Amino acid sequence: MGSSTADLQPAGGIHIPSTGGSTSGCDPSDFTDFVAGRIALVQRGTCTFDQKIQNAQAAGASGVIIFNEGNHPRRAPACSPEA
C-alpha cells in the first residue's frame, strides 16, 4: 500500500446506475484518452481485476481504484453491520 496525490480519471465503460456486466477497464481502448500519472477509476465487471490493473498500468496510471456500484444479493457485504 502507498499513497498518491494524483488526479482521478474514469476509464471507459462506467455505467451508473450499473447495468450489470460492466467492461470498464477490460480493454486497452478504455484508456485511449487517459493521462499518464493519474489514478484510474474502473467499475467492477466482466473481466478480472488483474486485467483491469494491467490495462491501467500500460496506460501509465499511478494507481487503480476498482469500485462496485450498487448492492445485489449475490454480493454479500464484506463484513456484517455488527462487525
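Observations
- Ordering of 59-67, 15-23 by burial proxy (mean other Cβ atoms within 10 Å per residue, highest first): 59-67, 15-23
- Taking label points 7 Å from Cα along the Cα-to-Cβ direction, Ile66 and Ala6 give a separation of 1.7 nm.
- Packing rank of 26-32, 5-11, where each peptide gets the mean count of other beta carbons within 10 Å, highest leading: 26-32, 5-11
Bear in mind that the values in this text are calculations on the coordinates, not laboratory data. Quick caveat, the model's predicted, so the values are computed rather than measured. No Cβ is skipped: glycine too gets one built from the backbone with ideal geometry, and neighbour counts run over all protein chains shown.
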